[in-house]
Amino acid sequence: MKKWLIKSLMQAMLRLLAFFARRPRLARASNFLTRSLARTTVRAKAIGHASEVAELGPLWQRSFPSKKQVPIVSISADTVVAEIHTPCPLRGSGDVHACYRMMEFDREILRHTGGQFVVLESQATPGVTVCRVAMRLQGESLAGLVAAHEHKRP
């Protein structure tokens with residue numbers, strides 16, 4: 001019952017965030033909502049600060065109900081790559097800009113931990129069922145990381 005309730009609440013929150021994110025004129029409200037949710041999560045889960053890149057992924061994972069939904073795929077000298085398996089309300093919509101706005105939650109979590117967050121591949125892209133994301137320490141170059149909303153589309 002508890003797992004079902006958490007999953008249902010998470011899906012309802014994602015639908016609400018997607019509603020705001022799909023409307024550019026509501027960007028300020030969307031940012032306020034997602035940042036507030038992220039700050040509340042940071043406090044509630046006592047998410048700390050990373051001193052090295054390898055710590056970013058586990059700190060980010062703590063902001064989710066299940067690490068299985070957000071597995072870390074790889075860690076290099078400067079980048080943590082992870083996936084988001086949680087089904088997104090934007091899946092297949094083609095609205096990668098709404099995805100960018102919705103991911104303000106993750107960017108805020110990473111800002112708090114001392115990191116930067118980039119969505120490399122979005123579930124909003126037709127045919128994509130898993131988001132692929134990258135994290136680097138604040139101040140590090142994001143060279144080589146092309147955000148999904150900046151990809152050239154045919």
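Here Ala98 fulfils each of the conditions (1) outside any helix (DSSP H, G or I); (2) closer than 26 Å to Pro126 by Cα apart from (1). The one condition from (1) more than 13 Å from the chain's Cα centre (by Cα); (2) at pLDDT 90 or above; (3) open to solvent by 30 Å² or more (accessible area, probe 1.4 Å) that Ser66 does not meet is (2).
Of all the listed residues (Ala54, Ala27), the sole one being at pLDDT 95 or above, part of a helix (DSSP H, G or I) and more than 16 Å from the chain's Cα centre (by Cα) is Ala54. Working only within the stretch 69-92, note down all residues that are of a type outside the set (Val, Ile, Thr) and in contact (Cβ under 8 Å) with a residue 60 or more places away in the chain. Within the stretch 69-92, Asp78, Pro87, Cys88, Pro89, Leu90 qualify. Checked against the criteria, Ser74 counts as modelled with pLDDT of 90 or more and in a strand (DSSP E or B).
Does Thr125 satisfy being under 26 Å from Leu16 (Cβ atoms) and touching a helix residue (DSSP H, G or I) at 6+ places or on another chain (Cβ under 7 Å)? Judged against the criteria, Thr125 is a match. Among the residues of the stretch 117-144, the ones that are more than 15 Å from His97 (Cβ to Cβ), aliphatic (A, V, I, L, M) and crowded, with 22+ Cβ neighbours inside 10 Å come to 3 in all.
Considering Ser66, Ser122, the condition of being at negative phi and without any contact (Cβ under 8 Å) to a residue 24 or more places away in the chain is satisfied by Ser66 alone.
Residue count for the stretch 69-93 satisfying the condition of being of a type in the set (Asp, Glu) and either crowded, with 17+ Cβ neighbours inside 10 Å or within 20 Å of Gln11 (Cβ to Cβ) (or both): 1.
The residues of the stretch 30-51 that are of a type in the set (Gly, Ala, Ser), touching a residue at least 12 places away in the same chain (Cβ under 8 Å) and not in a loop (DSSP other than H, G, I, E, B), listed by number, are Ser30, Ala38. Given the condition touching a strand residue (DSSP E or B) at 6+ places or on another chain (Cβ under 7 Å), closer than 25 Å to Ala46 by Cβ and among the polar types (S, T, N, Q), answer yes or no: does some residue in the stretch 112-121 qualify? Within the stretch 112-121, one or more residues are touching a strand residue (DSSP E or B) at 6+ places or on another chain (Cβ under 7 Å), closer than 25 Å to Ala46 by Cβ and among the polar types (S, T, N, Q).
The values are calculated or read from the model by the stated rules, or taken from the named source; none is laboratory data. Keep in mind it's a predicted model, so treat the numbers as computed, not measured. Note that we place each Cβ from the backbone using ideal geometry, even for glycine, and neighbour counts take in every protein chain shown. In case anyone asks, the SASA skips ligands and DNA or RNA and just uses the protein heavy atoms, side chains included. Shrake-Rupley method; radii C 1.70, N 1.55, O 1.52, S 1.80 Å.
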